[in-house]
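Undergrad: Handing you this structure, nothing more for now.
The values are calculated or read from the model by the stated rules, or taken from the named source; none is laboratory data. No experiment lies behind these values; they were computed from the predicted model shown. Because the Cβ atoms are built from the backbone with ideal geometry, glycine has one as well, and the counts that use them run over all protein chains shown.
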């Protein structure tokens, strides 16, 4: 088992947050949920390669929470969609 690099964990968390923020800001439902797939796919790949561990599960839960936080913050920062005013 390899030791966990704390810098890699921090960078991963920031990237998942930014992905959630970007998708949440720019897309509406249901496409804004695409970034949730990223940590899940990475968890599955790591679990198939090294075998699942408790540490992986904890990181998955934390990164999913960070991604959800980014999505919800992106939705809050997005400009309100206003319907076009009809002439006349």
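Undergrad: If we keep just the residues of segment 69-88 that are part of a loop (DSSP other than H, G, I, E, B) and within 14 Å of residue 27 (Cβ to Cβ), which is modelled with the lowest pLDDT?
TA: This residue is 81.
Undergrad: State all residues of segment 1-31 that are more than 16 Å from residue 60 (Cα to Cα), in a helix (DSSP H, G or I) and either out of contact with any helix residue (DSSP H, G or I) (no Cβ under 7 Å at 6 or more places or on another chain) or free of Cβ contacts under 8 Å to residues at least 24 places away in the same chain (or both); if no residue qualifies, say none.
TA: Those that are more than 16 Å from residue 60 (Cα to Cα), in a helix (DSSP H, G or I) and either out of contact with any helix residue (DSSP H, G or I) (no Cβ under 7 Å at 6 or more places or on another chain) or free of Cβ contacts under 8 Å to residues at least 24 places away in the same chain (or both): 7, 26, 31.
Undergrad: I need every pair where a residue in segment 46-61 that is over 16 Å from residue 5 (Cα atoms) has its Cβ under 7 Å from the Cβ of a residue that is modelled with pLDDT of 90 or more and part of a helix (DSSP H, G or I), sequence separation at least 6 or different chains.
TA: Every condition considered, the pairs that remain are 47/56.
Yes/no per residue for (1) at pLDDT below 95; (2) over 9 Å from the mean Cα position of the chain (by Cα):
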{"residue": "3", "(1), (2)": "yes, yes"}
{"residue": "6", "(1), (2)": "yes, yes"}
{"residue": "14", "(1), (2)": "no, yes"}
{"residue": "25", "(1), (2)": "yes, yes"}
{"residue": "30", "(1), (2)": "yes, yes"}
{"residue": "38", "(1), (2)": "yes, no"}
{"residue": "44", "(1), (2)": "no, yes"}
